[in-house]
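J.: Input: one structure, supplied below.
The values are calculated or read from the model by the stated rules, or taken from the named source; none is laboratory data. Worth saying up front: this structure is predicted, and the values here are computed from it rather than measured. Neighbour counts are summed over all protein chains in view; Cβ atoms, including those assigned to glycine, are modelled from backbone coordinates with ideal geometry. Side chains included, ligands, DNA and RNA excluded: accessible areas come from the protein's heavy atoms. Shrake-Rupley method; radii C 1.70, N 1.55, O 1.52, S 1.80 Å.
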Amino acid sequence: MPYRTSFIPKGMAGLNLNAPYRGFWKCSPRNIWRRAMVRVRLCAKEKRMFRRLSIVAASLLAITAAQGQAQNAQRQAERDLFAKIVEIPTVEGQTAEFKKLTGLLSAEFRKAGITDIVVKDHDGTQTLIARWPAAKPSGKKPILLMAHMDVVAAKESDWKYPPFKFREEDGYYLGRGSNDNKAGLTGIVLALQYLRAEKFQNTRDIIVLFTGDEETSGNSARRAATEWRSLIDAEFALNSDAGGGSVFPDGRVEGFGMQIAEKTYADYKLTAINRGGHSSAPRPDNAIYALANALTAVERHRFTPMINDATRATYEALSKGDSGQYGELVRRFLANPTDRETADLLEAMDSGSTRTRCVATMLSGGHAPNALPQKAEANVNCRIFPGVKIEEVRQQLQALAGPDVTVTAVEGSQTPETAPTPLRADITEAYKAAVATRFKDAPVMPFQSAGATDGAFLRANGIPVYGFGGLWGIVGAREGAHGLDERVWAEGFHGQVPIWMEMLRRVAG
Ligand SMILES: [Zn+2]
């Protein structure tokens, strides 16, 4: 029963409570505790000693119990706040729900004494910007903490439980958005509340940016980085949507990720137009065949392998821990990133990490079963490696598609083209130290996202963004972000808060 050891008050741990009772003893304080327990008669000296020890022990036990109760109450309060946040269905188009959430979050900030709060009402959603001014200004620029309030839509009939009803099961908290990104968002709120309560003397302003359309248009982040720049301008940003750790089921930590780069998102339309005609008289020119051939060419194409600071850092970290075949491949790629064969093998295992990738995602064509098609159209979605232009990819797709198909970039679909955020030793070290409060010696791994986050809009406008998170999940466990039965590891949810606090002490203290 190892948990019992914590009930032995300090200073009494040396007493051997398990020593066999022998029945005879002299009047001495030795083994007094045990003797008292077995209700033997005590001599006067022993009685005095026992009374004194009892008082000390009782007060220590009371303190331990009170601490335990306080911890339980704190955990319950954190869970309650998280439940409220998850149960507000902040899905695209539900403007009233965003108002509810910004109202709730504003009240939480005010409760902690953070009163400089701006809520922007825009594009059918809302954005919340809150500022905690420096207690002891050092002249350093503010730091920005990021999360998004919106969640991907969820079809209730497909879920095991209603997606916007918070629940706990098997050590997980369930609900749409629990993982992406409401856990990170709640973690930021809690960390700031606790730091305020302990009178943390921040030497620079801490600004919070909670966006309302990360999963869709990215207007919040785009506007924040430009029109609302004076409200969020910072030396750098920590994005909770792009950090966090993974822990093996046996408790060993795998590492914590720090996103420093993102691929560019872009959609392209492939269109084949034809004069059509009667399907009883087929001709060699046919819009559907032309489009199908173009798509096959796109499928077969391999873009040029590339590497940058972010992917190199990831591969270096991975190669260190792997003496097997995968590690060998990674080392070969690091030695020669233009080696296509090696890059292809890596790409087969970790899709999107070595180059630009494009894939057909939508298809339409023809207008009647008995007519030659006048039009066929497909959407090709590309995730472009940093450093490659959206227009360059369009030209390559056009060359692949041939003259019968026109390739155009879909207006408004793109995220900005951004270069990786330069690695900073002080930030990486602070991240490591913050994580070490829970996981000693856990590695921090810089990485590049194949997907896009709000970070891109800030990077594109000159604010360095580092993915940071104290949250962790279990290696290999399904978490359902964007998908079904989304959930977050409860231990990781609560455990993230002290990690955020330590990070803020280090970068803003
Ligand atoms: Zn997200």
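J.: For region 61-107, what are the residues that are aromatic (Phe, Trp, Tyr) and within 20 Å of the chain's Cα centre (by Cα)? So that I can check it myself, show each step before the final result.
T.: Step one: of region 61-107, the residues aromatic (Phe, Trp, Tyr) are 82, 98.
Listed by number, the list holds a single entry, Phe82.
J.: Still on this structure, please answer the following. Starting from region 463-486, take each residue that is at positive phi and list its partners that are among the aromatic types (Phe, Trp, Tyr), counting only C-beta distances under 8 angstrom and pairs at least six apart or across chains.
T.: Asp485/Trp159; Asp485/Tyr161
J.: While we're on this one: So Thr216 ticks every box in (1) part of a strand (DSSP E or B); (2) among the β-branched types (Val, Ile, Thr); (3) open to solvent by 10 Å² or more (accessible area, probe 1.4 Å) but one. Which box is left unticked?
T.: Exception for Thr216: condition (1).
J.: Name the pairs whose Cβ atoms lie under 7 Å apart, with the first residue in region 131-146 and hydrophobic (A, V, I, L, M, F, W, C), the second open to solvent by 70 Å² or more (accessible area, probe 1.4 Å), and 6 or more positions between them or separate chains?
T.: What qualifies is Ala135/Gln201.
J.: Also: Being closer than 21 Å to Asp454 by Cβ and of a type in the set (S, T, N, Q) is the filter here; which residues of region 174-212 pass it?
T.: Answer for region 174-212, where residues must be closer than 21 Å to Asp454 by Cβ and of a type in the set (S, T, N, Q): Ser178, Asn179, Asn181, Thr186, Thr211.
J.: From the list Ala130, Ala153, Ala191, pick out the single residue that is in contact with a Phe, Trp or Tyr (Cβ under 7 Å, 6 or more places away or on another chain), farther than 18 Å from Gly492 by Cβ and among the small types (Gly, Ala, Ser).
T.: On the way: Ala153 fails: in contact with a Phe, Trp or Tyr (Cβ under 7 Å, 6 or more places away or on another chain); Ala191 fails: farther than 18 Å from Gly492 by Cβ.
Going through Ala130, Ala153, Ala191 in turn, just one is in contact with a Phe, Trp or Tyr (Cβ under 7 Å, 6 or more places away or on another chain), farther than 18 Å from Gly492 by Cβ and among the small types (Gly, Ala, Ser): Ala130.
J.: Something else: Being modelled with pLDDT of 95 or more, in the same structural domain as Asp170 (by TED's automatic domain parsing), aliphatic (A, V, I, L, M) and in contact with a Phe, Trp or Tyr (Cβ under 6 Å, 6 or more places away or on another chain) narrows it down to one of Val435, Val380, so name that one. Explain how you work it out, then say what you get.
T.: On the way: Val380 fails: in the same structural domain as Asp170 (by TED's automatic domain parsing).
Result: Val435 is the single residue among Val435, Val380 that is modelled with pLDDT of 95 or more, in the same structural domain as Asp170 (by TED's automatic domain parsing), aliphatic (A, V, I, L, M) and in contact with a Phe, Trp or Tyr (Cβ under 6 Å, 6 or more places away or on another chain).
J.: I would also like to ask the following. Which condition does Leu60 not pass, out of (1) surrounded by 13 or more Cβ atoms within 10 Å (Cβ to Cβ); (2) in contact with a helix residue (DSSP H, G or I) (Cβ under 9 Å, 6 or more places away or on another chain); (3) not assigned by TED's automatic domain parsing to the domain that holds Arg459, if it passes all the others?
T.: Condition not satisfied by Leu60: (2).
J.: Give Phe98, Phe109 a once-over and let me know the one that is farther than 15 Å from Val151 by Cβ and aromatic (Phe, Trp, Tyr).
T.: Values: Phe98 fails: farther than 15 Å from Val151 by Cβ.
Going through Phe98, Phe109 in turn, the sole match is Phe109.
J.: Could I ask something else about it? What pairs come up if the first residue lies in region 208-220 and is within 20 Å of Leu192 (Cβ to Cβ) and touching a residue at least 60 places away in the same chain (Cβ under 8 Å), the second is open to solvent by 10 Å² or more (accessible area, probe 1.4 Å) and away from the ligand (no atom under 11 Å from the Cβ), and their beta carbons are under 7 Å apart, counting only those six or more places apart or on different chains?
T.: Gly212/Gln126
J.: Is it fair to say Val91 is among the aliphatic types (A, V, I, L, M), farther than 24 Å from Arg204 by Cα, surrounded by fewer than 22 Cβ atoms within 10 Å (Cβ to Cβ) and within 16 Å of the ligand (Cβ to nearest atom)?
T.: Criteria met by Val91.
J.: Also: Need a quick list: strands (runs of 3 or more DSSP E) entirely within region 223-312 having at least 1 residues that are open to solvent by 20 Å² or more (accessible area, probe 1.4 Å) and either within 16 Å of the ligand (Cβ to nearest atom) or at positive phi (or both).
T.: Because the criterion is at least 1 residues that are open to solvent by 20 Å² or more (accessible area, probe 1.4 Å) and either within 16 Å of the ligand (Cβ to nearest atom) or at positive phi (or both), the strands (runs of 3 or more DSSP E) in region 223-312 that meet it are 243-247, 264-273.
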